[in-house]
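Asks: Below is one structure. I have some questions about it.
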Amino acid sequence: MHDLYLTVRSVTPAQKGWDALLRAGLDCRMLRAPRQTAPKGCGYALALAVRDGAAALRVLDRAGVRVEGVWRRLPEGGFERSGMGL
């Protein structure tokens, strides 16, 4: 399940991050950031399993991808901000 959303500012870091995560063997999807997770109305998200969050943050840091926010998808469909410590 892709219940963790790591948001970035634009498509370029999203593509770079998506590629780095796939090369690291982490299952993820790249998509437009849901409205609730992008207060400025734009951005992209890398969606992955919560269990892969810490590893994903390490991979993205090594790849030079700046994560703007970490969000968890709630069972009822909304989102809540999560800390970088997940």
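The values are calculated or read from the model by the stated rules, or taken from the named source; none is laboratory data. Everything quoted here is computed from the prediction, not taken from an experiment. Positions of Cβ are generated from backbone atoms using ideal geometry, with glycine treated the same way; all protein chains shown enter the neighbour counts.
Asks: Taking the condition at negative phi and surrounded by 15 or more Cβ atoms within 10 Å (Cβ to Cβ), does PRO75 pass? Don't jump to the end; show me each part of the working.
Replies: Details: at negative phi: yes; surrounded by 15 or more Cβ atoms within 10 Å (Cβ to Cβ): no.
The answer is no for PRO75.
Asks: Filter the range 1-22 down to residues that are hydroxyl-bearing (Ser, Thr, Tyr) and under 8 Å from the mean Cα position of the chain (by Cα) and give me whichever is farthest from ALA33 (Cα to Cα). Don't jump to the end; show me each part of the working.
Replies: Quick first cut of the range 1-22, residues hydroxyl-bearing (Ser, Thr, Tyr) only: 5, 7, 10, 12.
Filter once more, keeping what is under 8 Å from the mean Cα position of the chain (by Cα): 5, 7.
Numbers: TYR5: 8, THR7: 7 Å.
Ranking the qualifying residues of the range 1-22, first place goes to TYR5.
Asks: Being free of Cβ contacts under 8 Å to residues at least 40 places away in the same chain and buried (at least 18 other Cβ atoms within 10 Å of the Cβ) narrows it down to one residue among ALA45, ALA24, ALA33, ALA55; which is it? Quick ask: steps written out before the conclusion?
Replies: Details: ALA45 fails: free of Cβ contacts under 8 Å to residues at least 40 places away in the same chain; ALA24 fails: buried (at least 18 other Cβ atoms within 10 Å of the Cβ); ALA55 fails: buried (at least 18 other Cβ atoms within 10 Å of the Cβ).
Of ALA45, ALA24, ALA33, ALA55, the one residue that is free of Cβ contacts under 8 Å to residues at least 40 places away in the same chain and buried (at least 18 other Cβ atoms within 10 Å of the Cβ) is ALA33.
Asks: Go through GLY53, GLY64, GLY25, GLY85 for me and flag whichever is over 12 Å from the mean Cα position of the chain (by Cα), farther than 15 Å from PRO13 by Cα and modelled with pLDDT of 90 or more. Spell out how you get there, then give the answer.
Replies: Values: GLY53 fails: over 12 Å from the mean Cα position of the chain (by Cα); GLY64 fails: farther than 15 Å from PRO13 by Cα; GLY85 fails: modelled with pLDDT of 90 or more.
Within the list GLY53, GLY64, GLY25, GLY85, the selection yields GLY25.
Asks: Right, something else. Tell me, please, whether a residue that is β-branched (Val, Ile, Thr), part of a helix (DSSP H, G or I) and either over 10 Å from the mean Cα position of the chain (by Cα) or modelled with pLDDT of 90 or more (or both) can be found in the range 70-81. Step through it out loud before you land on a result.
Replies: Just the residues of the range 70-81 that are β-branched (Val, Ile, Thr), to begin with: 70.
With part of a helix (DSSP H, G or I) added as a condition, the list becomes none.
No, that holds for no residue.
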